[in-house]
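Working notes for the structure below.
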Amino acid sequence: MTAAETHLVFDTEVDRVEEWRAEELERAGYPPRDAARLAARHDVDLHLAIDLISQGCPVPVAVEILL
């Protein structure tokens, strides 16, 4: 089994959703580490997280609000 095939075996729908969420959060202005933490929490509303940043909320405050 190649490395690519191994990656595909473990690439679940949940993994893909979390990766997409993290990308959207990074695009909104969250640093990668915070984006990954928020993306993994399915109780965090993605639109709220993005809106907080777009309305000028500092990232540390937004993360504290969301978590």
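In degrees between 0 and 90, to the nearest 10, how far off the longest principal axis of the chain does helix 13-28 point, with axes built from Cα atoms?
Compared with the principal axis, the helix lies near 40 degrees.
In what order, largest first, do H42, H47 sit by accessible area if the probe radius is 1.4 Å?
Most to least solvent-accessible, the answer reads H47, H42.
Using unit Cβ charges (K, R positive; D, E negative) and no other charged atoms, how large, in debye to the nearest 20, is the dipole of the range 21-67 about its Cα centre? List each step's numbers first, then the result.
Numbers: 5 positive and 8 negative charges, 26 e Å.
Its charge dipole is roughly 120 debye.
Would you tally the net charge around A49, using a Cβ to Cβ cut-off of less than 10 Å, leaving A49 out, and scoring K and R as +1, D and E as -1?
Residues close to A49 contribute a combined charge of -2.
The values are calculated or read from the model by the stated rules, or taken from the named source; none is laboratory data. Note that the structure is a prediction, hence the values are computed from the model and not measured. For neighbour counting, all protein chains shown are included, and Cβ atoms are generated from backbone atoms with ideal geometry for every residue, glycine included. Side chains are part of the model used for accessible areas, which takes the heavy atoms of the whole protein and leaves out ligands, DNA and RNA. Shrake-Rupley method; radii C 1.70, N 1.55, O 1.52, S 1.80 Å.
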